[in-house]
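Visitor: Starting off with a structure, shown below.
The values are calculated or read from the model by the stated rules, or taken from the named source; none is laboratory data. Just so we're clear, the structure is a prediction, and the values are computed from it rather than from any experiment. Here Cβ is always computed from backbone atoms with ideal geometry, including for glycine, and neighbour counts include all displayed protein chains. The area values use the complete protein model at the heavy-atom level, side chains included, leaving out ligands, DNA and RNA. Shrake-Rupley method; radii C 1.70, N 1.55, O 1.52, S 1.80 Å.
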Amino acid sequence: MSTAKPAKPAGTARTTAEATAEATDKSPATTGSAKGSGSRRRPYHHGDLRRAILTAALDVIAVDGPSALSLRDLARRAGVSHAAPAHHFKDRTGLLTAIAAEGFGLLAGAIAEAADLKDAGVRYVRFAREHPAHFQVMFAPELLRDDDLELTTARALAADALSHAVSAVPPEGRGPDARLAGVAAWSLAHGFATLLLGHNLDGAVSERDPEEVFRALASMLFQAPAE
């Protein structure tokens with residue numbers, strides 16, 4: 001799956017991370033230079049460094065994909081020493097794992113608020129559209145530390161939310177095997193979202209609302225029996 005966008009030319013709007021870094025530079029705690037050094041580098045403990053690094057990483061992934069991530073480059077974007085990100089994420093794998101865990105947490109929260117299974121699928125597609133960088137990383141296990149507690153917990157919450165939505169559908173509407181029905185629902189939502197983000201459905205969806213298109217597809221798969 002690819003969600004890469006053309007790189008921003010010089011002089012265009014700054015990324016969220018760069019704006020945050022500049023704002024922090026102007027704070028009273030960080031504008032003073034050390035005696036004899038003339039350095040204006042911001043100290044490591046500024047604001048929410050972890051959030052700044054995550055935001056910068058998401059900016060990079062959205063444009064160039066996970067393979068373009070570099071902790072040194074992210075430190076430069078956040079305006080901190082090149083070693084600072086390691087204090088929070090240890091290494092590149094740790095950073096990607098944190099992004100995936102955050103993504104699954106956001107997805108779990110979105111699905112948990114769904115009115116029914118169809119709405120859960122719509123929310124899944126909406127999440128993918130609103131968080132494409134998270135979405136890329138979440139389902140790339142080769143990039144992640146799979147035994148990370150935060151990741152496994154968030155992943156389980158998302159799976160439980162989907163399972164709950166499936167179990168709310170009567171057996172007549174989903175078949176006797178709730179587990180397989182869950183796989184079918186996930187496959188439909190995930191497949192649609194992946195194709196959509198990759199611009200493979202541009203012709204089929206055209207000017208239609210993707211969420212409404214998904215609702216129509218879900219009605220073909222999960223529907224109440226005829227009276």
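Visitor: Find how much the distance from Glu212 to Ala159 grows on full extension, using 0.36 nm per residue of separation minus their present alpha carbon separation; answer in nm with one decimal.
Guide: Extra length from Glu212 to Ala159 when fully extended: 16.7 nm.
Visitor: Something else now. Using alpha carbons only, what's the Rg to Rh ratio of the range 82-227 with Rh from Kirkwood? It would help to have the intermediate numbers written out before the result.
Guide: Details: Rg = 16.8 Å, Rh = 16.3 Å.
We get a ratio of 1.03 for the range 82-227.
Visitor: Quick one: which of 99-111, 173-185, 58-70 comes out on top by average Cβ neighbours within 10 Å, and what's the full order, highest first?
Guide: Details: 99-111: 21.8, 173-185: 14.8, 58-70: 16.8.
Highest-to-lowest ranking by the protection proxy: 99-111, 58-70, 173-185.
Visitor: Using a 1.4 Å probe, what is the accessible area per residue for the range 71-127, in Å²?
Guide: Details: 2230 Å² over 57 residues.
On a per-residue basis, 39 Å².
Visitor: For the range 39-144, just list the percent of Cα-Cα distances falling in each 5 Å bin from zero outward, please.
Guide: P(r) for the range 39-144, in whole percents per bin: 2, 13, 22, 20, 16, 12, 8, 5, 2, 1, 0, 0.
Visitor: Quick one: pull the percent of accessible area on the range 109-149 belonging to carbon and sulfur, 1.4 Å probe, ligands and nucleic acids left out.
Guide: Values: 910 of 1940 Å².
Of the solvent-accessible surface of the range 109-149, carbon and sulfur hold 47 percent.
Visitor: Treating only the Cα positions of the range 183-224 as identical point scatterers, give the base-10 log of I(q)/I(0) from the Debye formula at each q in 0.18, 0.32, 0.35 Å⁻¹.
Guide: -0.49, -1.19, -1.26
Visitor: Suppose each label sits 7 Å from its Cα in the direction of the beta carbon; what would the Ala86-Asp64 distance come out to in nanometres?
Guide: 2.1 nm
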